[in-house]
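Novice: This is the structure I want to talk about, given as structure tokens.
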Amino acid sequence: MNKILVSPSPHLHTKTSTKSLMRDVVIALLPAVVVSVLFYGWSELLVLGVSVASCMLLEFLITKYMLKKPCTLGDWSAVVTGVLLALNLPATTPWWVVFIGAVVAVGVAKLTFGGLGQNVFNPAIAGRVFLLISFPTYMTDWTKPAGFISNAAVDAYTGATPLGLVGEGGVEAIKGLDYLDMLFWNIGGSAGELSAIALLLGFAYLLVRRVIRPYITLSIWGTVAVFSGIFWLINPEVYTDPAFNLLTGGLLLGSIFMATDYVTSPMSNMGGVIFGVGIGLLTMLIRYFGAYPEGVSFAILIMNSVVPLINKWCHAKKYGR
Amino acid sequence: MMKTFSIGGIHPCDSKISKDCRIEVLPVPSKVFISVAQHLGAPATPVVKVGDQVKVGQVIAEPAGFISAYVHSSVSGTVKSIGPRKDLAGNNMTHIEIDVEGDEWVEGADLTDTLVTAIPEDNKEILDRIKMCGVVGLGGATFPAHVKLCPPPGKKADCLILNGAECEPYLTSDYRIMLERSKEIVVGAAIMKQVLGGCPAVIGIEENKPEAIKAMTAAVSELQATAKGYDGISVMTLRKKYPQGGEKQLIDAVMGRQVKSMGLPIDVGAVVQNVATSLAVYEAVQKNIPLVTNVMTITGDCLPMEKQHNYKFRIGMPLSYIAEYAGGVPEEAVKIISGGPMMGKAIANLDATTVKGSSSLLYLTAEQTVRGVESACIRCGKCAEACPMGLEPFLLNKYARNNMMDELEENAVQDCIECGCCLYSCPANIPLLDIIRLAKGDVIRIIRGRGQK
């Protein structure tokens, strides 16, 4: 008779693996990637290429030569970080700035803490925030490079992001923005913020494939909508409205792809809601009252650091207890 | 809306490949080895000697404690030896070896197919027959049936739940008996219901078995129309989710009640019995036939359709004999399971023999069953989402690896039902259940030790 295996139950295993989950995230990001490349052309391709390549190279070199651990390149997590980092930068970012971002993301935020599963902060956001503080000029250069296809609304536009405009000129400055237009091509901003529809497509894909649960994302949206709604109703001359806040400043990109990062978000659904509400509140506080026009990255980073505490508080409801 | 249990659960493949294979009767081999440990609790004590002549259905071992059961001979012939023999896990256990001669049954056993619907009035006599016929739970745990049917003083059954969920992938034996022995199962249910004081009885079946739901519903209505004592029996369709057939989960699904930690189903007024147990009760009470046969499924993706079977076997048949009879062990099989793929045991020794609770020979291929390499926990929470007891396997895993017994107890490791949902769903291939199972054993030992002080 052939040799037979003996092991404890269960004897079947799901086909879902870390690799397939990460690959699904990359697939979910594809619509946003395609839109950004179409509109920002070669320079966006360069940013994407440099970001993904350097994240993968750094993951490989550091795990192999510094940590001397089995290489984790195969789990696709470096690719996810690379794509997310690129989508969080303006298409005009010079390649060496992108590389520095990758060093911070993969080298500092991820592998210093022990690699995938151990990092406290979302690597891509850590990279982006580091660049935002260190290279503010590059990070807020919103001149639009030549894309592969053109659109009047996008092409006509140079200068600051919608949120940047509000920061400088108040609500007056954004009068006349067409939200329906913004749903398809958000004017200015990081490459990944271009199209809300593309990001929502990715969200739908992640939900259908059961990669993420909706609680974190929806509670961020809810909090932002309610918070800005209240202020906007009190004084629409000073405060921007809910739709504007949901559609601009990387809120969709952050709430769908970065706040839902497994490693740096709470485990339980209840914890996810608290985490999401926290991100929503912090984002709006920064936008309305802070020095930066845009607050999603900071809000996520701050809430990342609270996750262990949330995990300690929030446990699932146990059977018969 | 279809009911199901409220916490966790997973949807593994269905793979009921052998569902249309009618139950075939296996021929009796020339020799059987009957284990004295076919039930939960103390192994039975042999009451026959080498050289004794036995008949089919004759008692060959007696219960050795309150939670124990009678064991009967499944063949007629001569006792050849009584001694240790390896069970399917490879552990030594006392087996009674019988050389088969003819097929002569004990007196009083009614071997006809006639359906007996009149239920004896004396509950004590019913319980006695169930006990004397060695009926044990056939859903997996093989807990002596008569013990479950005698609620302790002060506890009352509000509902008898018949478990026809068969939520494990691949297994089809319960499905087949629900189709082929529907009325007998309903009579068994009516008997148990009467013993429990006339509480309602609900037969819970998952939605993926529409034919079984139809057959059982028809059997219930027919018996209600033609005989007495069948009121209050109903069929409930359950939404498919594993582990629906778990006792605690089924109670939650059917009654909306949850058994307290370390508690018993009867604490919330529930008594759960498998449909196969109900059939055994029928045969014991109405036909005077002890539990010496059961139905098992021979299946696996690597078996061609003509080699898929549902067999009525006798206890004590070597598994290798059954495998040979069914066409041999397929080349691609790397693991043979007794039971379902989620909670069944991997067979280490194919020379082991069938017991009352045997439910399958399941062949799994390397691609299906070989575990992937363990990688880092990515904190996705899929294990906690899947756990039907609402536990957090990722957390228990960490505590267990660090021997943190107090934290393990606080986080209810002792409530784990070992259904395997956590290990099944982990994308990082962390052997969650392996580790939690060990920790659970340790913690339960600590809790029990504390009680004795």
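Novice: Could you list, in sequence order, the residues of the stretch B:185-198 that are over 13 Å from B:Gln273 (Cα atoms) and free of Cβ contacts under 8 Å to residues at least 60 places away in the same chain?
Specialist: Selection gives B:Gly197, B:Gly198.
Novice: How about the stretch B:334-453: which helices (runs of 4 or more DSSP H) wholly inside it have at least 3 residues that are within 11 Å of another protein chain (Cβ to nearest Cβ)?
Specialist: B:366-369, B:382-386, B:393-401, B:421-425, B:432-451
Novice: Taking only the stretch A:309-321 into account, find how many residues are surrounded by fewer than 17 Cβ atoms within 10 Å (Cβ to Cβ) and without any contact (Cβ under 8 Å) to a residue 12 or more places away in the chain.
Specialist: Filtering the stretch A:309-321 down to residues surrounded by fewer than 17 Cβ atoms within 10 Å (Cβ to Cβ) leaves A:309, A:312-313, A:317, A:321.
Cutting the leftovers down to without any contact (Cβ under 8 Å) to a residue 12 or more places away in the chain gives us A:309, A:312, A:317, A:321.
Here the count works out to 4.
Novice: Residues being surrounded by fewer than 18 Cβ atoms within 10 Å (Cβ to Cβ) and not small (Gly, Ala, Ser): count how many of those fall in the stretch A:107-129.
Specialist: Applying the first criterion (surrounded by fewer than 18 Cβ atoms within 10 Å (Cβ to Cβ)) to the stretch A:107-129 yields A:108, A:112-114, A:118, A:120.
Right, trim to not small (Gly, Ala, Ser) and you get A:108, A:112-113, A:118, A:120.
Residues that pass the stated criteria total 5.
Novice: Residues in the stretch A:24-38: is at least one within 14 Å of another protein chain (Cβ to nearest Cβ) and in contact with a helix residue (DSSP H, G or I) (Cβ under 6 Å, 6 or more places away or on another chain)?
Specialist: Among the residues of the stretch A:24-38, at least one is within 14 Å of another protein chain (Cβ to nearest Cβ) and in contact with a helix residue (DSSP H, G or I) (Cβ under 6 Å, 6 or more places away or on another chain), which makes the answer yes.
Novice: Looking at A:Val80, is it under 20 Å from the mean Cα position of the chain (by Cα) and under 19 Å from A:Gly254 (Cβ atoms)? Show your work before the answer.
Specialist: Working: under 20 Å from the mean Cα position of the chain (by Cα): yes; under 19 Å from A:Gly254 (Cβ atoms): yes.
Answer is yes for this residue.
Novice: Yes or no: the stretch B:127-148 includes at least one residue that is touching a residue at least 40 places away in the same chain (Cβ under 8 Å), over 27 Å from B:Val220 (Cβ atoms) and more than 19 Å from the chain's Cα centre (by Cα).
Specialist: There is at least one residue in the stretch B:127-148 that is touching a residue at least 40 places away in the same chain (Cβ under 8 Å), over 27 Å from B:Val220 (Cβ atoms) and more than 19 Å from the chain's Cα centre (by Cα).
Novice: Among the residues of the stretch A:1-19, what is the count of those that are more than 7 Å from every other protein chain (Cβ to nearest Cβ) and either among the small types (Gly, Ala, Ser) or within 31 Å of the chain's Cα centre (by Cα) (or both)?
Specialist: So the answer is 2.
Novice: Can you tell which of B:Asn349, B:Asn310, B:Asn288 is over 15 Å from the mean Cα position of the chain (by Cα), surrounded by 24 or more Cβ atoms within 10 Å (Cβ to Cβ) and not charged (D, E, K, R)? Steps first, answer last, please.
Specialist: Numbers: B:Asn349 fails: surrounded by 24 or more Cβ atoms within 10 Å (Cβ to Cβ); B:Asn288 fails: surrounded by 24 or more Cβ atoms within 10 Å (Cβ to Cβ).
Result of the check over B:Asn349, B:Asn310, B:Asn288: B:Asn310.
Novice: Out of the stretch B:238-252, which residues are away from chain A (no Cβ under 12 Å) and crowded, with 17+ Cβ neighbours inside 10 Å?
Specialist: Just the residues of the stretch B:238-252 that are away from chain A (no Cβ under 12 Å), to begin with: B:238-241, B:244-245, B:250.
Of everything in the stretch B:238-252, those that are away from chain A (no Cβ under 12 Å) and crowded, with 17+ Cβ neighbours inside 10 Å turn out to be B:Leu238, B:Lys240, B:Lys241, B:Gln244, B:Gly245, B:Leu250.
No lab work stands behind these numbers, since they all come straight from the coordinates. Here the structure is a predicted model, which is why all the values come from computation and not from measurement. Please note: Cβ atoms are built from the backbone with ideal geometry, for glycine as well, and neighbour counts cover all protein chains shown.
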